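First up is the structure itself, then whatever we jot down about it.
The values are calculated or read from the model by the stated rules, or taken from the named source; none is laboratory data. Keep in mind it's a predicted model, so treat the numbers as computed, not measured. With ideal geometry, Cβ positions are generated from the backbone for all residues, glycine too; neighbour counts draw on all protein chains shown. Just the protein is used for accessible areas: all its heavy atoms, side chains included, with ligands, DNA and RNA removed. Shrake-Rupley method; radii C 1.70, N 1.55, O 1.52, S 1.80 Å.
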Amino acid sequence: MPNAEPVITMRGVKKSFPGAMALKGVDFTLQKGEIHALLGENGAGKSTLIKILTGVYERDQGEILLDGTPIHPRNPQDAQKIGISCVHQEINLCPNLTVAENIFIGREPMKFGAIDWKTVNKKSYEIMKGFGLDIDVTKTADSYSAAIQQMVVIARATEISAKVLVLDEPTSSLTAVEAKKLFDTMRALKEKGAGIIFVTHFLDQVYEVSDSITILRGGEYVGTYKASELPKIELVAKMIGKEYKELDEANVRSGKAVSGEPFLSVEDASSSEISDVSLVARKEEVLGLSGLLGSGRTEIARMIFGVDPALSGTIKVKGQKVKIKSALSAMRLGMAFCPEERKKEGIIGDLSIRENIVLALQAKRGIFHLVPRAEAERLADLYIEKLAIKTPSREQSIKNLSGGNQQKAIVARWLAANPELLILDEPTRGIDIGAKAELQKLVITLAGGGMAIIFISSEIDEMLRCCQRMVVLRDKSIAGELDGDISESRIMSFIAGGADSAKS
Ligand code: ADP
Ligand code: MG
């Protein structure tokens, strides 16, 4: 950094929670006009550090300086007043207020003693347009996608104060194009001298936009580096603090010929969301559903699992024709479906890990056959161990776990129901690289043990690593199938609809 001048200095920051020492004496310095990535595996303490900086939590020890002056923000409003704004991982909007109201809530411009709605709406429209979004700001926030909602949150934060802007995993729900727009905004704010702290799990994004990188591991400060001087492989090694061999083991299975019996066959089936689907999922095999976002991958999963039931065509389970009218009937046929949006469809935050893990099994058995407490405890402990879920106890409420560990608990929930076919929709999205590798390995191990798996992911690397066969989708229909010789370029040519896209 030319003439570096710190805007934030944190020294020796410590924070304990019951059962967890989240920060064990962390140092962090943010310069003016700098984009600084804060990295670490799930549970490393990133969110806690940020919540202390922004007054959500009180620190146990340590000091924080803003422009050289000690500060002690008591709450986020306090922090905002002195110039520190934060966008948290969870989208934090009032869903039934309009976009404009959300942007100006609490700071509405007044005219003749009343809120000047005209100005609110006009300004909001311009702000969103500045983010490249030409939207109706008088519609309620919940009428827009998660991605747009996230941009609204970011717009609000940058409007309020831009001395220090903290972004805690802001891109998890954004498309690549939207993320690019966000990066442009970050660069523009940086040019104006703002310091930006950026937390993300997408390492390419770290290198695309960051000047510096600070790494935390298990609540400890590992170090601060210039992004241009830290090779990615070293960054990963520092984050996980161990050798990274799991993926090599995982690679061995990918591409092997598969001989498992078909568990599920779908012939010319259509639902309200997708038509003419034909595919087979075999035991001992990971079948990938590949394609761009919105190409119909999730819609196929929802049809198979009875969420949007098939209206025509044939579905067979182990050779028997079946009608799958609901998720419950799919479960009773031996299927499990781990949906994409774990916050919305997956975790029940106030329940314990144990309660979350037995949910699917309980649903499968029905309310008159309560899963006995001892069995629930046994299952919870089994999967906490098997999936290496990091938690002080099975009775911890699941909302206190990090994203990767929540995701493992959801996978555990479906495994506890003992399925023969497991459908995983973006199971590793938004979780850190270590937990990703563990989940990928688990998928491959489960297939090795005889399970049929349908795997959906936007990351081609991960698909290549995990899947033996792949169905590629384009515009809500099947563009082709790849068996054995799966490569990135072949997938791409199917997606693009190029010359190679005849069925192989
Ligand atoms: P990161 O953001 O790097 O994933 P966090 O700061 O969220 O990590 O969590 C750090 C550690 O503190 C984890 O072990 C987590 O379980 C624990 N933790 C975080 N918030 C709470 C809380 N409110 N109560 C109990 N433990 C918590
Ligand atoms: Mg976090």
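Can you find a residue that is more than 13 Å from ligand 1 (Cβ to nearest atom), open to solvent by less than 10 Å² (accessible area, probe 1.4 Å) and over 19 Å from the mean Cα position of the chain (by Cα) anywhere in the range 167-183?
No, there is no match, as no residue in the range 167-183 is more than 13 Å from ligand 1 (Cβ to nearest atom), open to solvent by less than 10 Å² (accessible area, probe 1.4 Å) and over 19 Å from the mean Cα position of the chain (by Cα).
I'm told Lys190 meets every condition in (1) over 21 Å from the mean Cα position of the chain (by Cα); (2) at pLDDT below 85 except one. Can you identify the failing condition by its number?
Answer for Lys190: the failing condition is (2).
If you take the residues of the range 31-44 that are small (Gly, Ala, Ser) and in contact with a Lys or Arg (Cβ under 8 Å, 6 or more places away or on another chain), which of them is surrounded by the fewest Cβ atoms within 10 Å (Cβ to Cβ)?
Ranking the candidates gives Gly33 first.
When you look at Asn102, is it touching a Cys at 6+ places or on another chain (Cβ under 8 Å), more than 27 Å from Asp67 (Cβ to Cβ) and part of a helix (DSSP H, G or I), yes or no?
Spelling it out, Asn102 is indeed touching a Cys at 6+ places or on another chain (Cβ under 8 Å), more than 27 Å from Asp67 (Cβ to Cβ) and part of a helix (DSSP H, G or I).
Yes/no per residue for (1) at pLDDT 95 or above; (2) under 18 Å from Arg11 (Cα atoms); (3) of a type in the set (Asp, Glu):
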{"residue": "Gly43", "(1), (2), (3)": "no, no, no"}
{"residue": "Leu53", "(1), (2), (3)": "yes, yes, no"}
{"residue": "Asp60", "(1), (2), (3)": "yes, yes, yes"}
{"residue": "Leu65", "(1), (2), (3)": "yes, yes, no"}
{"residue": "Ile71", "(1), (2), (3)": "yes, yes, no"}
{"residue": "Ile82", "(1), (2), (3)": "no, no, no"}
{"residue": "Cys86", "(1), (2), (3)": "no, no, no"}
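Can you tell me how many residues within the range 366-388 are within 16 Å of ligand 1 (Cβ to nearest atom), over 24 Å from Ala327 (Cβ atoms) and modelled with pLDDT under 90?
Of the residues in that region, 1 qualify.
Test Gly306 against the criterion of being over 15 Å from Met335 (Cβ atoms) and small (Gly, Ala, Ser), and give yes or no.
no
Could you list, in sequence order, all residues of the range 256-266 that are surrounded by 15 or more Cβ atoms within 10 Å (Cβ to Cβ) and either modelled with pLDDT of 90 or more or under 28 Å from the mean Cα position of the chain (by Cα) (or both)?
Answer for the range 256-266, where residues must be surrounded by 15 or more Cβ atoms within 10 Å (Cβ to Cβ) and either modelled with pLDDT of 90 or more or under 28 Å from the mean Cα position of the chain (by Cα) (or both): Pro262, Phe263, Leu264, Ser265, Val266.
Out of all the residues in the range 68-75, is one or more without any contact (Cβ under 8 Å) to a residue 60 or more places away in the chain, within 27 Å of the chain's Cα centre (by Cα) and over 22 Å from Pro6 (Cα atoms)?
Yes, the range 68-75 contains at least one residue that is without any contact (Cβ under 8 Å) to a residue 60 or more places away in the chain, within 27 Å of the chain's Cα centre (by Cα) and over 22 Å from Pro6 (Cα atoms).
Enumerate the strands (runs of 3 or more DSSP E) found wholly within the range 6-53, keeping only those where 2 or more residues are near ligand 1 (Cβ under 8 Å from one of its atoms) and under 25 Å from Leu203 (Cβ atoms).
Because the criterion is at least 2 residues that are near ligand 1 (Cβ under 8 Å from one of its atoms) and under 25 Å from Leu203 (Cβ atoms), the strands (runs of 3 or more DSSP E) in the range 6-53 that meet it are 20-31.
Would you check which residues across the range 356-377 are free of Cβ contacts under 8 Å to residues at least 24 places away in the same chain and surrounded by 14 or more Cβ atoms within 10 Å (Cβ to Cβ) and list them?
Gln362, Arg365, Val371, Ala376, Glu377
Matching residues to (1) charged (D, E, K, R); (2) part of a helix (DSSP H, G or I); (3) without any contact (Cβ under 8 Å) to a residue 12 or more places away in the chain; (4) closer than 18 Å to Asp432 by Cα:
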| site | (1), (2), (3), (4) |
| --- | --- |
| Ile135 | no, no, no, no |
| Asp142 | yes, yes, no, no |
| Ala147 | no, yes, no, no |
| Ala162 | no, no, no, no |
| Met186 | no, yes, no, no |
| Thr214 | no, no, no, yes |
| Tyr221 | no, no, no, yes |
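Give the residue, chosen from Ile127, Ile91, that is open to solvent by 20 Å² or more (accessible area, probe 1.4 Å), part of a helix (DSSP H, G or I) and under 30 Å from Leu66 (Cα atoms).
The conditions single out Ile127.
Across the range 166-184, which residue is nearest to ligand 2 (Cβ to nearest atom) among those that are within 14 Å of Val87 (Cα to Cα) and of a type in the set (S, T, N, Q)?
The selected residue is Ser172.
Before we move on, is Arg465 among the basic types (Lys, Arg), under 24 Å from the mean Cα position of the chain (by Cα) and assigned to a loop (DSSP other than H, G, I, E, B)?
For Arg465, the condition - among the basic types (Lys, Arg), under 24 Å from the mean Cα position of the chain (by Cα) and assigned to a loop (DSSP other than H, G, I, E, B) - is not met.
Can you confirm whether Ile423 is hydrophobic (A, V, I, L, M, F, W, C), surrounded by 20 or more Cβ atoms within 10 Å (Cβ to Cβ) and under 26 Å from Glu41 (Cβ atoms)?
Taking the combined requirement at face value, the residue does not satisfy it.
From the list Glu395, Glu481, which one is open to solvent by 30 Å² or more (accessible area, probe 1.4 Å) and within 16 Å of ligand 1 (Cβ to nearest atom)?
Glu395
Does Phe28 satisfy being open to solvent by 10 Å² or more (accessible area, probe 1.4 Å), within 16 Å of ligand 2 (Cβ to nearest atom) and among the aromatic types (Phe, Trp, Tyr)?
no
Would you point out the residue of the range 46-57, among those that are open to solvent by 10 Å² or more (accessible area, probe 1.4 Å) and in contact with a Lys or Arg (Cβ under 8 Å, 6 or more places away or on another chain), that is nearest to ligand 2 (Cβ to nearest atom)?
In this case the residue turns out to be Thr48.
Output the number of the condition that Gln205 fails; it satisfies all remaining conditions of (1) modelled with pLDDT of 90 or more; (2) away from ligand 1 (no atom under 16 Å from the Cβ).
Every listed condition holds for Gln205 apart from (1).
Based on what the data block shows, is Leu93 within 14 Å of ligand 2 (Cβ to nearest atom) and touching a helix residue (DSSP H, G or I) at 6+ places or on another chain (Cβ under 8 Å)?
Criteria not met by Leu93.
For Lys118, state whether it is farther than 24 Å from Asp211 by Cβ and without any contact (Cβ under 8 Å) to a residue 12 or more places away in the chain.
Spelling it out, Lys118 is indeed farther than 24 Å from Asp211 by Cβ and without any contact (Cβ under 8 Å) to a residue 12 or more places away in the chain.
One residue is enough: does the range 329-338 have a residue meeting the conditions over 21 Å from Leu422 (Cβ atoms) and either at pLDDT 85 or above or crowded, with 19+ Cβ neighbours inside 10 Å (or both)?
There is no residue in the range 329-338 that is over 21 Å from Leu422 (Cβ atoms) and either at pLDDT 85 or above or crowded, with 19+ Cβ neighbours inside 10 Å (or both).
Looking at the structure I just gave you, is Lys316 without any contact (Cβ under 8 Å) to a residue 40 or more places away in the chain and over 28 Å from Leu174 (Cβ atoms)?
no
Which members of the range 130-152 meet the condition of being crowded, with 21+ Cβ neighbours inside 10 Å and under 21 Å from Ile84 (Cα atoms)?
Gln150, Met151, Val152
Criterion first (closer than 27 Å to Gln149 by Cβ, more than 16 Å from ligand 2 (Cβ to nearest atom) and touching an Asp or Glu at 6+ places or on another chain (Cβ under 7 Å)) does Gly83 satisfy it?
no
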